[in-house]
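Here's the structure we're looking at; comments come further down.
Just so it is clear, none of the values below were taken in a lab; they were calculated from the coordinates. Because the structure is predicted, anything quoted here is derived from the model rather than measured. Neighbour counts are summed over all protein chains in view; Cβ atoms, including those assigned to glycine, are modelled from backbone coordinates with ideal geometry.
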Amino acid sequence: MGILQKFKQMFSTVPMLGWFLGIFTAVLIEYFWGYDYISYYLGLPKIPVLFGALIMLKEPVMIPGALAYDLVVYVIPVLAVAKLSCFITNPGAALLEKLPLWLSAVIHLVCFYGILHLWAGINDYRVLVVKLTLVSIILTVSINVINGYQGEFSCSHPGFMALGAYVSSILTLILFTNDKIFGTALLPPALGPYLFPLVLVAGGAAAAIGSLAVAIPSFRTRGDYLAIISLAFMFIVKSAVENLNFIGGARGMGGQPDLAPLPVIFIWTLLCIWVIHNFVTSILGKALNTVRDDEAAAESMTVKTRKTKMTAFMFGAFWAGIAGGLFAHVLTYINPGMFSINRLAEILAMVYFGGLNSIVGSIVGAVSINVLGEALRPLELFKWIIIPLILIFVMIFRPYGLISFTEINTKKLLQAKHKRQQGVSP
Amino acid sequence: MTALLHVKNMTHFFGGLRAVHNYNLTIKPRQIFGLIGPNGAGKTTVFNLITGVYTPSEGEILLENQNIKGLETNEIAARGLGRTFQNLALWRHMNVVDHIRMAHYAQLDYGLFGAFFNTRACRDQENQVRENSHRLMQLFDIEKYADDLVTSLPYGAQRRVEMARAMATNPKVLFLDEPTAGMTPDELVKMIRIIRQVHQDFNVAIFLIEHRMKFVMELCEQIQTLVFGEVIAQGPPEEIQNNPQVIEAYLGKEDMT
Amino acid sequence: MRKIAVLTVVAMALAMVLSPLAFSARKTIIKIGINAPLTGDIPKVGEGTKYAAQMWLEDIEKAGGLEVGGQKYEVELVIEDNESKAESAVKANTKMITQDDVLAIIGPQSSKQAVPAGEVANKYKTVMISPWSTNPNTTLDRPYVFRGCFLDPFQGPVVANFITDEFGFTKAAVLYDVASDYPKGLAEVFKQAWEEKHGAGSVVAYESFTTKDTDFSSQLTKIVKSGAQVLFTPQYYNEVPLIVSQAKNLGWDGPIVGSDSWGSAETVELCGEACYGLFFSSHYAAAGAKGATKAFIDRYENTYGYIPDDVAALTWDALRLAQQAIQDAGKLTGRIEKDREAVRDALAQIKDFDGITGKMTFTEEGDPIKCAVIVKINNQGEYEFYGSSCP
Amino acid sequence: MEPLIESFNYILQNIINALQRGSFYAVISIGYSMVYGVLMLFNFAHGDIFMVGTYIGFGIATVFLAVLTGLVPPPVIFLATVVVTMFLASWIGVFVEVAGYRPLRQAPRASAAITGLMIGIIFETGILIMLGAKRLSFPPLMETVNYHIGGIYITNVKAMIIIISLLLMLALHAFIQKTKWGMAMRAMSYDFLAVPLMGVSINIIAPLTFAVGAGLAAVAGILYGQAYPILDPYMGVLLGWKAFVAAILGGRGSIKGAALAGYLLGFIEIFVATVFPSTLRDFIAYSIILIILTFRPRGFFGMEHSTKLRL
């Protein structure tokens, strides 16, 4: 504990900008020397993805090599650069602090994206994992609106996702591709990237409209009964899609144009987080919490509970629809079986693992479950023992999830961290 | 005579059971009005009927000469009936300042779009609400708890949060359901002071249910006694104190001082 | 002391900088990716795939590696689990191609994973052979994607013709899983073929259920009532026994005919005597097999304790196809993009490949032209060759 | 006249089909409902407890059939299998309670639901690791005899399933109404706090409830093995969710409601497939459930609980 404390103290002076710089250095090291030198000397066949977890689990012989790689490429450069660059990054952060908060946030995000792009670009597998993780973040944050902020136990998220995925896929297939079912492209495919946001929004809107089937019963009931209503909704969507042969039925639907590269997904994820953050910290969004904690009191305090419930469902479903649309265009193939119980279990695991009523928690949940799921791949079956066990322990020791009831404080996150006045002894 | 709140011949049945019968009430502006009665007399039901939790089977409810019967609870609340609850109805996972902020819900008009994109209108209104919330928290002596979860507060403070929250809805009539229940003597003194102050500072009438006679007699200008859903007496404190019917039905065994 | 330290550091730094010049590139290993459903809905299929692949690797290792252009290369299998999920299959393919640098991929088996995974393989210009996927979309417009089996549009009419010729029936019923890609597709093709032969309405009952259902009583009651003479059910080994026994219990006494998905050894093991005497179309018949096919079956049975499914046999063929293509490519440059292209070209050129599931030649689309086999489950519960139909 | 009799037979045949299907839903959903009554939580691992119970039943049946055949008549083997399986499976229930639910009694309800789901996944994967990917075939504990009465077909297995399920439910009813433990369970479902005052600890009642539920599920598993003799590790998932639907449809905590709703679900599934094209079965069946719950938001026999639901 003592060491950890000391460690924390030592790095408490590093601002976000410093961490970025450190990670950037690490990524540069990996980018230029990772393949030819470092992994080569450590006896690794290639740059290990996901910090060597895959290779360590598959071939235990490689463990020292992979660990050494992590140490040389990530841990040491990040820590060293972050700490040593304090004298530049702190004034830098202080400088940015003088700017309006949004501008400073945008600058940080651009830096962050640059690093992410560089890191992921080393390997297409990383790109795919990052893409799917970002989509999961949208999903998890959006289900948190319903299950966390609004406190329902909604099981219909895969259904909303399916609606979004199918509607947006149909639109892109009609508009931008020559498809055997929907005929030739109505618009020149070059317009695709520009109109894609509209297509996604249409998918989200379809999901939002579909969510009324769950939202309206929620006026009169909640808890377990609503859970069943939402579960029924999910099965209805799945069964309906299976019966619609013009969109492929159970065979699924493929050939979506590749309109969702990493930057597009990144921007949508940010937009989602930003909008949901704005919403849940505003009074209209806090109304969700009041409905969850005591509906009668909320009514008496002038809160329009019906409108609030409907907003929560439609809003959550809208983003689930967006996530579905992005998902469909990442995989360029969807089938109704993807949006069933398995997906539900995954989404629920992410949101309850990460933490209720917290966007940070949702992000943590989505990232950890996704990365764990990938990193433990070599364990095959045992993966499905370990992940549930981790979740059970989290539930037992932190019943509301890892990080719950916490909101992002952008200002605090980005501020300069000057040394405390009392000289901290090393 | 301009009545602020006027209830005429209100009757309500639960299933076949008559809970409130032929209830009449007139509250004038800035009046403090008390409602007493034995347990199970239907006092809270009267509150719930007027504030719209239930819609009365018969009768009329007028607020400033406008009918509010049959409106949704939140609309009635927005028109100016603020209330507290007998068994605290706070929001367990929210902190104090959010409680007070929330009660401004009906006073906002920036809409969902504003909330999503944090528009200027939204920011301005939210800031105003924040200021107002802090003023209210100061008044109710709960500012030091602003960022704490309500469940971590002492009981008396929780009651004050409820009152502050009710005041934040900007009510014309404040309904207090046993505001002193379960309080320590210290807290009680504070509560009386606060109610007085609220009455002084805001243009508000108060309608309260209370069990502590001393408290009711000290505060109220008019008192109603409810027994089995029917009003058996109404008048100023002295009159009620000496009304034989009231003494028999309710106060018989109790010490009136 | 300090001098030594400085010297070492400098020496190490120099060595690092100079080494890529000094040592040549890393050793070339031929990696073959296996994309199999080891967990999820059909783990048995994954198991068969994995076992066949391991058997193949054993052979290669015994020979001391794979000889290409006069040089022996070490071969490594990269086996990835796709959890029977489409996105997982896509991830697995991307990982194998971009991270593990595989030369070719075998799998995924089911069409619902093979269709999206094929997209990835084609995008990265890597040969992918799906041994078992019968959906036309898997290989459609994808020069790098091949398959090891015939397609639904071929199999459906084969079964329809067989029933007509064998029994002379005119009224058929179909029971299939509406939520599963393969049965649904095949059911549609069969219905079309049957109605072409016997006129519209000759499929008198066209009933469905959903994946993981175990009770088919209401559908079967309907089928029995419809007066159908034969029941066609293109279902998997875990559903066939239930369908057969429930049908019998509800008074069905006509024949029940299946498709290649019956081909698992487990079908008859789970079904028992109820399935004896039934027919299905398949890729190969295990009982009475000869030559290489028999050798494969015996070896598999000796190693793993049961007769291999058609999945295992097809996977074996797919691996041997890949092997053939790699050898035909002539020479490995060590530059993976180039080698992959060479393998693809070689694979497309293969003529009359002698697989254990029949002779194969690829069409333009990468689909093999091969014969279907009608198998009868004999009274010992073995899969007996009954007839074959070639395109 | 002839077509009339035929369609009458057709309906009757489907009623029997539905009774068999419904029996499984009913018996399993009772397990959900009992746990709900006592803990106000749903045991999402129940579907997988059923699966494990079926596997245990499979093992016991195989052993007994090998050892006892010829020594004792088949019904005795059947009975012995049921009793031993029930006993063993109830320990699974106790395990789930102690390991997964006891630490979470004060936690949000959803956390417990997640824990249940995860325990379920662990069971599935554990079975898959232990027994491999091979499906197993449940050995028949009695010879199937097919009776053809009038126009309808009924096997002795089918009849037995329907009758035993009903007997089980009656026995459970008696247990809950007549025994001390049963009464404590009922009391618990009325008032969580009053029971400790009665001198019965929740730490005994809760595992007992899980045990009884698991025992019921195990018997259902054996019967299931007779009707649908293919075992796979994921067999409990869909059945579990459907039984959960039935438990809610019946009204939470109501055992009578759960049983009735279980049968109703069986009837909905069978008759929707009978009347409409069977491709639309799920679509219509779930739409019916959605509509029922929209207009009867407390299920059939659900009472409004005074306690506020936890998050």
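The angle between the Cα long axis of helix C:217-226 and the longest principal axis of the Cα atoms of chain C comes to about 50 degrees, rounded to the nearest 10.
Taking label points 7 Å from Cα along the Cα-to-Cβ direction, residue B:127 and residue D:131 give a separation of 6.7 nm.
So for the pair residue B:196, residue A:191, with labels modelled 7 Å out along Cα→Cβ, what separation do we get in nm? Spacing of the two 7 Å Cα→Cβ label points: 7.5 nm. Per residue of C:31-43, other chain Cβ atoms within 10 Å of the residue Cβ number 3 on average.
Summary of the geometry: region C:214-284 and region A:148-169, compared by the centres of their Cα atoms, lie 37 Å apart. Under 19 Å from a label point set 7 Å out along the Cα-to-Cβ vector of residue D:5, the amide N atoms of region D:151-189 belong to D:151-154.
Hydrophobic long helices, here whole DSSP H runs in chain D with Kyte-Doolittle means of at least 1.0 and Cα atoms spread over 20 Å or more along the helix axis, are found at D:46-68, D:74-96, D:109-131, D:156-178, D:202-227, D:235-250, D:255-275, D:281-295. Annotation: peptides A:344-352, A:187-195, ranked by per-residue average of other Cβ atoms within 10 Å with the highest first, follow the order A:344-352, A:187-195.
Classify region C:152-282 as rounded, prolate or oblate, taking a ≥ b ≥ c as the square roots of the eigenvalues of its Cα gyration tensor: rounded when a/c is under 1.5, otherwise prolate if a/b is larger than b/c and oblate if not. It comes out rounded by the Cα gyration axes. Label-to-label distance for residue B:113 and residue A:246 is 3.3 nm, based on points extended 7 Å past Cα in the beta-carbon direction. Put simply, when A:225-231, D:14-20, B:49-55 are sorted by average Cβ atoms within 10 angstrom per residue, most first, you get A:225-231, D:14-20, B:49-55. Rounded to the nearest 20 debye, the dipole size of the protein assembly as shown about its Cα centre is 3240 debye, using +1 on the Cβ of Lys and Arg and -1 on the Cβ of Asp and Glu. Based on DSSP H segments of at least four residues, each scored -39500 (n - 2.57), chain D has a per-residue ellipticity at 222 nm of -24500 deg cm²/dmol.
The peptide list A:155-161, C:164-170, A:401-407, put in order of mean Cβ contacts within 10 Å with the highest first, becomes A:155-161, A:401-407, C:164-170.
Neighbour counts of other Cβ atoms within 10 Å put C:226, A:136 in the fewest-to-most order C:226, A:136.
Each part reduced to its alpha carbon centroid, region A:343-392 and region B:189-233 end up 55 Å apart.
The mean number of partner chain beta-carbon atoms within 10 angstrom of a residue's beta-carbon across peptide D:235-241 is 3. With runs of 4+ DSSP H residues as the only contributors, calculate the mean residue ellipticity of chain A at 222 nm using -39,500 (n - 2.57) per run, divided by the residue total and rounded to the nearest 500. One gets -21000 deg cm²/dmol as the mean residue ellipticity at 222 nm. Once the trypsin sites (Lys or Arg not before Pro) in DSSP loops with at most 15 neighbouring Cβ atoms within 10 Å are cut out of chain A, the longest remaining piece is A:221-418.
Taking 4.7 Å between C-beta atoms as the pairing limit, chain C has these partnerless cysteines: C:149. Using only Cα atoms, find the angle between the long axis of helix C:152-167 and the longest principal axis of chain C, and express it within 0 to 90 degrees, rounded to the nearest 10. Taking Cα atoms only, the helix is inclined about 30 degrees.
With the cut-off at 1.5 for a/c, could you classify chain D from its C-alpha gyration tensor as rounded, prolate or oblate? It comes out oblate by the Cα gyration axes. Pull out a ≥ b ≥ c, the square roots of the eigenvalues of the alpha-carbon gyration tensor of region A:124-411, then state rounded if a/c is under 1.5, prolate if not and a/b is larger than b/c, and oblate in the remaining case. Taking the square roots of the gyration eigenvalues as a ≥ b ≥ c, region A:124-411 is prolate.
Calculated FRET efficiency, residue A:31 to residue C:337, Cβ-Cβ distance, R0 = 25 Å: about 0.80 to the nearest 0.05.
Could you pull out which residues in region A:135-153 have an amide N less than 18 Å from a spot 7 Å beyond the Cα of residue A:267, following the Cα-Cβ vector? Answer for region A:135-153: A:135, A:138.
With contributions of -39500 (n - 2.57) from each DSSP H run of at least four residues, the per-residue ellipticity at 222 nm computed over chain B stands at -10500 deg cm²/dmol.
Per residue, the average separation of C-alpha pairs within less than 8 Å and at least 6 apart gives chain D a relative contact order of 36 percent.
Of the beta bridges in the protein assembly as shown, as assigned by DSSP with both residues counted there, near 50 percent are antiparallel.
Full extension of the segment from residue B:62 to residue B:13, taken as 0.36 nm per residue of separation minus the current Cα-Cα distance, would add 15.6 nm. The mean sequence separation of alpha-carbon pairs under 8 Å and at least six residues apart, normalised by the residue count of chain C, gives a relative contact order of 16 percent. Compared with the dominant principal axis of the Cα atoms in chain B, helix B:120-139 is inclined by about 50°.
Per residue of B:118-131, other chain Cβ atoms within 10 Å of the residue Cβ number 2 on average. For region B:37-118, what is the relative contact order in percent, using Cα pairs closer than 8 Å and at least 6 residues apart in sequence? Worked out over region B:37-118, it gives 18 percent.
Most simply put, chain B has about 55% antiparallel DSSP beta bridges, counting only bridges with both residues inside it. Centroid-to-centroid, using Cα positions, region D:1-67 and region A:255-296 are 42 Å apart.
In vacuum, with every alpha carbon of chain B counted as one equal point scatterer, what does the Debye formula give for log10 I(q)/I(0) at q = 0.15 Å⁻¹? Two decimals, please. For the requested q values the scattering log ratios are -1.11.
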